[in-house]
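Here you go, one structure.
The values are calculated or read from the model by the stated rules, or taken from the named source; none is laboratory data. Because the structure is predicted, anything quoted here is derived from the model rather than measured. Ideal geometry is used to build each Cβ from the backbone, glycine not excepted, and the neighbour counts take in all protein chains shown.
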Amino acid sequence: MNAREAILSRLKDDSDIDIATEAAALLGTPERPAVDIAQVEAEFLARLALPSVSASHDDIETIEELPAAVARYLDAQGEARALCLPPDPRLSGCDWSGFALHQDAAPDEAAALAIARKGIAETGSLIFETSPQAPMLPNFLTLHHLVLLRVADIAPWLEEAPLAGPQPRAHYWITGVSGTTDIEGTYVRGAHGPRFLHVILLRGDFPHMSEQ
Amino acid sequence: MSGAPAEATRFKARADAALADRILKVAVERTAGTAEAKRAVAVDAFPDFQAARTRAAAIKDHVVAHLGHYLEQFEANATAAGAKVHWARTADEACDIVIALCKAAKAKSVARSKSMLGEEIGLPHALAEAGIGRVETDLAEHIIQLADERPSHIIWPAMHKTREQVSALFKAKHRLPHEEETIAAMAESARRELRTQMLGADVGISGANFLIADSGAICTVTNEGNAELSLVPPRVHIVTAGIEKIVPSMPHAVHMLRLLARSATGAALTQYTTFYTGPKRPGDRDGPEEMHIVLVDNGRTRMREDGLAEMLRCIRCGACMNHCVVFRQIGGHAYGGTYPGPMGAVLTPVLDGLKQSRDLPNACTMNGKCQEVCPVRIPLPTLLRGWREKSWREGLEPQSLRAGLGLWAWVATRPRLYRMGTGMAVRAMRLLGSKGWIRTLPLAGGWTTYRDMPKPAAQTFMDQYRKERGR
């Protein structure tokens, strides 16, 4: 008997209950933090500002304003206008004149930009998935992590974070900057990954969505 | 077991040494005290946390009752996503699988993201024996790898180290160590040291906080982001996970995640929560080309059969040890097994044998605090009492203890004799006391070496009761 058979043979389940129905019933109405769904953006921004998340944010009306918002942030931080930009047509369609752009993150990458599919008000989390247009590594190697988030994509609770149906290779939630409390429980930012998280809220739509 | 941790025997000697170590007490208190305070704030802010705990326990009980069904579902979905699923009955089988995979990948170095299951199966030792370089990427695991020590806590493995000790270690071992004596500078030194090693690893090895049955995804949670930096760049990602880590679906995982971070660190969520479903897809710019998931039993099916199913609810948050008065005094190393604290005292007899570890269930005051804070309502004191009873039934207690308890039972079933004996003992103890305290007591040196005993009242409870009734 191989290991698989040996383990499963000890876990035989002779009950005739409908397991899926029982599992669904266990969820019921989940206990979760209160979120005012009429104020979901304000709730999200309040969580972003918590010390445990400690992200800054900016506002733009249209995606055309994105390069200026990125420049504002980098200038304020004293960083060069150099940016790791994923091959996402929604980003590459902007006018990045004056920026040094690249797609592959360096081991000591200074700034990288990404689009979050969702923002979650309950925790101030940003939700991402990998795809050919959305590599994962730049978002972890960079010192300054800049994230574009459509205001319309802010949802109240974590239940709305996952995608329905087939899952991408990686689906990940970012709730703050890389931190550690491993030495005497004292919190330090920038343990391995980003030390700064900056969210740019887009009030309008993405171009291809406007055209639909 | 490969590279089994120090046996849980000689517990008393280790506990004595820990109690005498003032630096250890300071280090443990700094971190556990902070965790306790932060958890209390997080729980107060969560509406109906008690109902959430009940739901979490019910989810885990459902999974454990139908574990075979969910493991097969997970295997089918992970395989469909392109991962290869392996099964291991024992720690040795699990290590053999991981080493074979590393050798097939011609791995010279592996980057490891903190996994208690990896410690449980002795993976660091197995990698060393196979001549494969290992880079621990969690900051605390990095500290203890440099110090050549074992984890002393499941969330803060280097909890026993003070900042001064970490500073000295980094200055001795890092290529470009910190100059400022601040914790931030020390963390920066580790960042410099580890980043190139993570990016240059051939294989990334992680555990899993959850296995999602209906998608075949594995979930890791970290605050540092070291899991992602360890698992995305290498060509091969190997996951070792206990079979009890299954949850039916993402909504079930969401519920457990809400409880995990609050119970562990007092945060609403860890900074990074990632679900990996199979290897790199066509067109992806990063990610491993191979993903292997090793499902490890190592005593878990036996726990399910032997009345320890409730322990399989454990989500490894560490709240029980942060709130344990014994752990707070002696730290994690004194327990001697992979897992310290109350949950460790239940698990170590399963993993290392009751004969080796029978002192651990006895090192409990039964104050119930661990059960009170456990996010999945594990009845830890009841399970510990179960080990005590088993130890007694199997005759593992020393003859002196058995004789002493036998004598006590004989006297206790003779009320007049018992009252006479306790009355004499109280009078004798009062003679030994001074200013309300007894500093030394014959036959109780284990107690009075480290603390004074309160001087008993002038009369026993029964004497006072009789007097009150006589009025």
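Filtering the range A:136-167 down to residues that are facing another protein chain (nearest Cβ under 7 Å) and touching a Ser or Thr at 6+ places or on another chain (Cβ under 8 Å), which residue is surrounded by the fewest Cβ atoms within 10 Å (Cβ to Cβ)?
Within the range A:136-167, the match that is surrounded by the fewest Cβ atoms within 10 Å (Cβ to Cβ) is A:167.
Going residue by residue through the range A:18-30, is there one that turns out to be in a loop (DSSP other than H, G, I, E, B), in contact with a His (Cβ under 8 Å, 6 or more places away or on another chain) and crowded, with 16+ Cβ neighbours inside 10 Å?
Yes, that holds for at least one residue.
Any residue at all in the range A:2-10 that is at the interface with chain B (Cβ under 9 Å from one of its Cβ atoms), part of a loop (DSSP other than H, G, I, E, B) and farther than 30 Å from residue B:90 by Cα?
no
Suppose we keep only residues that are modelled with pLDDT under 95 and more than 10 Å from chain A (Cβ to nearest Cβ) within the range B:191-225. Which one would you say is surrounded by the most Cβ atoms within 10 Å (Cβ to Cβ)?
Per the criteria, the residue is B:193.
I'd like to know if the range B:309-331 contains one or more residues that are among the acidic types (Asp, Glu) and within 14 Å of chain A (Cβ to nearest Cβ).
Within the range B:309-331, not a single residue is among the acidic types (Asp, Glu) and within 14 Å of chain A (Cβ to nearest Cβ).
Does at least one position in the range A:105-127 carry a residue that is β-branched (Val, Ile, Thr), within 13 Å of chain B (Cβ to nearest Cβ), within 28 Å of residue B:230 (Cα to Cα) and touching a residue at least 60 places away in the same chain (Cβ under 8 Å)?
Yes: one or more hits.
Among the residues of the range A:176-183, is any within 13 Å of chain B (Cβ to nearest Cβ), of a type in the set (A, V, I, L, M), more than 16 Å from the chain's Cα centre (by Cα) and farther than 23 Å from residue A:68 by Cα?
yes
Would it be correct to say that residue B:262 is under 25 Å from residue A:26 (Cβ atoms) and either in the same structural domain as residue B:235 (by TED's automatic domain parsing) or in contact with a strand residue (DSSP E or B) (Cβ under 9 Å, 6 or more places away or on another chain) (or both)?
When the stated conditions are applied, residue B:262 passes them.
Looking at (1) over 14 Å from the mean Cα position of the chain (by Cα); (2) among the hydrophobic types (A, V, I, L, M, F, W, C); (3) within 12 Å of chain B (Cβ to nearest Cβ), can you tell me which one residue A:91 breaks?
(3)
Next question. Does residue B:239 qualify as being in contact with a His (Cβ under 8 Å, 6 or more places away or on another chain) and either more than 10 Å from chain A (Cβ to nearest Cβ) or assigned to a strand (DSSP E or B) (or both)?
Taking the combined requirement at face value, the residue satisfies it.
What number of residues within the range A:55-79 satisfy the criterion of being more than 20 Å from residue A:177 (Cβ to Cβ), aliphatic (A, V, I, L, M) and surrounded by 15 or more Cβ atoms within 10 Å (Cβ to Cβ)?
So the count comes out to 4.
Would you mind telling me which numbered condition in (1) part of a helix (DSSP H, G or I); (2) closer than 24 Å to residue B:283 by Cα residue A:64 fails?
Every condition holds for residue A:64 apart from (2).
Name the residue, out of A:122, A:109, A:184, that is under 25 Å from residue B:193 (Cβ atoms) and surrounded by 22 or more Cβ atoms within 10 Å (Cβ to Cβ).
A:109
Residue by residue, here is whether (1) within 20 Å of residue A:10 (Cβ to Cβ); (2) surrounded by fewer than 22 Cβ atoms within 10 Å (Cβ to Cβ) holds:
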{"site": "B:244", "(1), (2)": "yes, no"}
{"site": "B:248", "(1), (2)": "no, no"}
{"site": "B:264", "(1), (2)": "no, no"}
{"site": "B:271", "(1), (2)": "no, no"}
{"site": "B:278", "(1), (2)": "no, no"}
{"site": "B:289", "(1), (2)": "no, yes"}
{"site": "B:322", "(1), (2)": "no, no"}
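Exactly one of (1) surrounded by 21 or more Cβ atoms within 10 Å (Cβ to Cβ); (2) more than 7 Å from chain B (Cβ to nearest Cβ); (3) within 22 Å of residue A:66 (Cα to Cα) is unmet by residue A:133. Its number?
(1)
Which helices (runs of 4 or more DSSP H) sit wholly inside the range B:383-471 and have at least 3 residues that are under 30 Å from residue B:345 (Cβ atoms)?
B:399-412, B:445-448
Same structure, new question: On the given criteria, is residue B:89 touching a residue at least 12 places away in the same chain (Cβ under 8 Å), closer than 23 Å to residue B:379 by Cβ and of a type in the set (Lys, Arg)?
In short, no.
Which ones in the range A:21-58 are of a type outside the set (A, V, I, L, M, F, W, C) and more than 18 Å from residue A:196 (Cβ to Cβ)?
Matches in the range A:21-58: A:21, A:22, A:28, A:29, A:30, A:31, A:32, A:33, A:36, A:39, A:41, A:43.
If you scan the range B:177-190, which residues turn out to be within 13 Å of chain A (Cβ to nearest Cβ) and free of Cβ contacts under 8 Å to residues at least 24 places away in the same chain?
Those that are within 13 Å of chain A (Cβ to nearest Cβ) and free of Cβ contacts under 8 Å to residues at least 24 places away in the same chain: B:178, B:180, B:181, B:182, B:183, B:184, B:185, B:186, B:188, B:189.
Another one. Enumerate the pairs (first residue in the range B:310-330 and farther than 10 Å from residue B:378 by Cα; second residue anywhere and among the aromatic types (Phe, Trp, Tyr) and outside any helix (DSSP H, G or I)) with beta-carbon separation below 8 Å, excluding pairs fewer than 6 apart on the same chain, so at least 6 apart or on different chains.
Between residues of the range B:310-330 that are farther than 10 Å from residue B:378 by Cα and residues that are among the aromatic types (Phe, Trp, Tyr) and outside any helix (DSSP H, G or I), the close pairs are B:318/B:156.
Give me the residue from the range A:13-65 that is closer than 28 Å to residue A:89 by Cα and of a type in the set (Gly, Ala, Ser) and, out of that set, farthest from the other protein chains (Cβ to nearest Cβ).
A:56
Given the criteria crowded, with 16+ Cβ neighbours inside 10 Å, touching a strand residue (DSSP E or B) at 6+ places or on another chain (Cβ under 7 Å) and either at pLDDT 90 or above or outside the structural domain of residue B:40 (by TED's automatic domain parsing) (or both), does residue B:378 qualify?
no
Oh, and also: What are the pairs, 6+ residues apart or on separate chains, where a residue within the range B:121-140 that is in the same structural domain as residue B:162 (by TED's automatic domain parsing) and more than 17 Å from residue B:197 (Cα to Cα) has its Cβ under 9 Å from a residue that is assigned to a strand (DSSP E or B) and small (Gly, Ala, Ser)?
The qualifying pairs are B:121/B:88.
Going by the structure shown, is residue B:40 at pLDDT 95 or above, outside the structural domain of residue B:363 (by TED's automatic domain parsing) and among the hydrophobic types (A, V, I, L, M, F, W, C)?
Spelling it out, it is not the case that residue B:40 is at pLDDT 95 or above, outside the structural domain of residue B:363 (by TED's automatic domain parsing) and among the hydrophobic types (A, V, I, L, M, F, W, C).
Considering only the range B:256-295, state which residues are closer than 30 Å to residue B:33 by Cα, more than 9 Å from chain A (Cβ to nearest Cβ) and not small (Gly, Ala, Ser).
Matches in the range B:256-295: B:256, B:259, B:260, B:262.
Can I ask one more? Please go through the range B:18-36 and give me each residue that is at the interface with chain A (Cβ under 10 Å from one of its Cβ atoms) and either over 21 Å from the mean Cα position of the chain (by Cα) or small (Gly, Ala, Ser) (or both), ordered by number.
Within the range B:18-36, B:27, B:32, B:33, B:35 qualify.
Confirm whether residue B:253 is buried (at least 24 other Cβ atoms within 10 Å of the Cβ), more than 9 Å from every other protein chain (Cβ to nearest Cβ) and not basic (Lys, Arg).
No.
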